[in-house]
Amino acid sequence: MSRFVDKLPFFDRRASPMEEADDIPRSGLLHLHGGHHHYQHHHQPQTALMAPEPSPPTTKQSSSTLAQLLKRVNEARSDASSPNSSPSHYTIELGASMPGSTGSESEHTSLTGVGDGTLLPFVLKFTDLTYSVKQRKKGPCLPALPFRRGDAEPEAPRMKTLLDNISGEAREGEIMAVLGASGSGKSTLIDALANRIRKESLHGSVTLNGESMDNNLLKVISAYVMQDDLLYPMLTVEETLMFSAEFRLPRSLPTKEKKKRVQALIDQLGLRNAANTIIGDEGHRGVSGGERRRVSIGVDIIHDPIVLFLDEPTSGLDSTSAFMVVKVLQRIAQSGSVVVMSIHQPSYRILGLLDRLLFLSRGQTVYYGPPGSLSSFFSDFGKPIHDNENPTEFALDLVRELETMPNGACDLVEHNKSWQKRMGPKMKHADDGNGGKPSLSLQEAISASISRGKLVSGATDGNVTVPSPSSAPASAVAKFANPFWIEMGVLTRRAFLNTKRTPEIFVIRLGAVLITGFILATIFWRLDDSPKGVEERLGFFAIAMSTMFYTCSDALPVFLNERYIFLRETAYNAYRRSSYVLSHTIVGFPSLIVLSLAFAVTTFFAVGLAGGAEGFFFFVAIVLASFWAGSGFATFLSGVVTNVQLGFPVVVSTLAYFLLFSGFFINRDRIPKYWLWFHYASLVKYPYEAVMINEFSDPGRCFVRGVQMFDNTPLSVLPAAIKVRVLRAMSSSLGINIGTATCITTGPDFLKQQAVTDLTKWDCLWITVAWGFLFRILFYISLLLGSRNKRR
């Protein structure tokens, strides 16, 4: 533990970014400066926090319109991007004036619209949030008997209330923490505020600066950090944040600026010492748990969102790591963001970083207010908090005790309502002196935030349009930060990098194909053109083609392992689902080519298949098409099933059915009509028939001559001389000269016997390729339908 603590920047002798945030006022703004880097200490670069620079004097104005504000923003950006200007960088200035304002309080008032007292630009307010779900009734596995007249009417499904008239507000520059025991509704409330619950199911209102938010707008200006750390284990911290920057930051922002943003964020999160360390997992040692959690936060705040939601960001961390995470969140809030988080049981140090607390008990509010009012609140309730006791621990213990009683925490809920009526007006007056009204409209507040460097993904042209009720919300805000081809390129590079750092996966797959090919080559070594050789060829083709599909079942865990990473990234439109599907296809295709060549080289010449060079290349093509269709089938199933335990039985059983109906065990003309559709739906049918046609299509090649017609019959045990006599007797009876060298069955004759006549080998090849495309289209549809991030 001591070794870990010594490495943390928080415990460094010099002032770290986290320590420097302690003595900073709350009204922090994020400015964009040009010129050289500033230093606070001798030889110590100040990458995150800076003292405000004096603004140049300007002519005093009574009011600044939004158009004038955006004009200043664009002029500042054009100056920063000019060749003669010095390079710009983002720094967090706390307590400074906005760009273009004077240092006087009156000019700051004219820009923000503040009268007496400082009003916060962003206020996230939620009123009477109520959410209920149907409670499944526990009963027998068998369905109940039909309802008969005279019986008692069946009970309607019971509803369980997860949120019960929850109200409150969160402000820019503050952290609002939602507390409560497990099952109290903390995560549900965070989901409700983040618009992760369907509107039909959620009752109440959530507004930002008094205006309802369009779903697309909320995705642009906000971020949601899940409870689990969903990261690629083989990427370094810097690479993880850089890929996130390429997804969330617009194409108009140069790569150099994106790298600057990533470096500034690494310093802000206190991850400089771990920047080049992989994330790691159970099999690869990487960063610590606290560092991994901070990386998870960094991935979602790379675009500097205005509203940040976090679901238990300190869960599973030790007290020091948890404190550092919340310290980072405090600095994010002070940079001009609204931070709403759920937390299970904060320590005393973490409590000092929180600004508003919302305690829940079974979906009801038992306390809402600042941490400093907890003592008076519980004293009024008749349960004073003892000295030197953590107020939150006392509150949670009391709530748990009340929940064991018949009335639950109803008395505390009612006490909170009466206490809010008495103390609410005083707290509102202390907060802003204006009854809780936001100082700016939503349009003005977002534009002002962009002007001081916030909301990088929405600031492609210095403005974000807030949809009005009469406008079409779909076209009001750009849904994605980058075009389709940029997303696909970034996804492809990331997937290739992951594949490069896990070569054992491809090596094991290649080894399996080579071993399978070696076994088949040695078993079916140099097959002749006898009837037995024909049967052995059929067995080789059936096993070889089905092996291609079974080998592709290892594509099933590929998406399942990153399924929740995909859900997290697409929940806030980091990239399109179509981009993901195409990049997934591009990355996997080169390995299929190598596997196809390896199997074909191992088996084609050793078995003695026909066709020469043309036949070999067609054999490679049909093996590649089989891999393509098989991997597509496994990929599609990975989008339908939720875990590997369900997926593998489905893949194995389905491929067994495909082999059964392929035509190897029973010919097409012998399959019952009611199962004939499965024969044409079989993936194995088309490559199996393709290699058969490739092998037996030559009419000049004979497979049964003279006495060989008696092979595989009871007459095969007769001596050769007797077989010749029988053959002569048959010749005289039929009036046809049949000698020992007479060709009885050619390749095309054998194809007719096997009912392989309705398609050519090229038809089979293209149909197999089409199957691969079809399954990938179905995979895309499954992602559209199955990756909804909202509760019902």
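Residue 564 contributes an accessible area of around 120 Å² to the protein surface, as traced by a 1.4 Å probe with all chains present. Between residue 665 and residue 200, the simple spin-label model (points 7 angstrom out along Cα→Cβ) gives 4.4 nm. The trypsin sites (Lys or Arg not before Pro) of segment 189-292 meeting both criteria, a DSSP state outside H, G, I, E and B (loop) and at most 15 other C-beta atoms within 10 angstrom of the site's C-beta, are 198, 199, 251, 285. Centre-to-centre separation between the Cα atoms of segment 684-740 and those of segment 583-627: 32 Å.
Accessible area per residue (1.4 Å probe, heavy atoms of protein chains only) ranks 780, 348, 368, 657 as 348, 657, 780, 368, with the largest value leading. Under 5 Å from the amide H of residue 162 lie the amide H atoms of 131, 132, 133, each residue being 5 or more positions distant or on a separate chain, with H modelled from the backbone and absent for Pro and chain starts. Accessible surface area normalised per residue over segment 326-376 is 23 Å², counting heavy atoms of protein chains with a 1.4 Å rolling probe.
Classified by the C-alpha gyration tensor, segment 495-581 has a prolate form. Its axis ratio a/c, with a ≥ b ≥ c, is 1.5 or above, and a/b is larger than b/c. Separation of the alpha carbons by more than 20 angstrom is noted, of 219/454; 685/761; 125/219; 125/186; 260/500, for 260/500. Oblate is the label for segment 576-662, because a/c, from the alpha-carbon gyration tensor with a ≥ b ≥ c as root eigenvalues, is 1.5 or above and a/b does not exceed b/c. Let a ≥ b ≥ c be the square roots of the eigenvalues of the Cα gyration tensor of segment 216-283; is it rounded (a/c under 1.5), or, if not, prolate (a/b larger than b/c) or oblate? Since a/c reaches 1.5 but b/c is at least a/b, the shape of segment 216-283 is classed as oblate. Take residue 702: with every protein chain present and a 1.4 Å probe, its accessible area is about 10 Å². Annotation: amide H-H contacts under 5 Å for residue 744 (H modelled 1.01 Å from N, sequence separation of 5 or more, or interchain): 704, 705, 706. Here segment 652-792 has 65 percent of its accessible surface on carbon and sulfur atoms, given a 1.4 Å probe and all protein chains in place.
Residues whose amide H lies under 5 Å from that of residue 197, counting only those 5 or more places away or on a different chain, are 791; hydrogens are built 1.01 Å from N in the peptide plane.
The values are calculated or read from the model by the stated rules, or taken from the named source; none is laboratory data. Every value quoted in this text rests on a predicted model; they were computed, and no experiment measured them. Heads up, the Cβs are rebuilt from the backbone with ideal geometry, glycines too, and the neighbour counts pull from every protein chain shown. Only protein heavy atoms, including side chains, enter the accessible area calculation; ligands, DNA and RNA are left aside. Shrake-Rupley method; radii C 1.70, N 1.55, O 1.52, S 1.80 Å.
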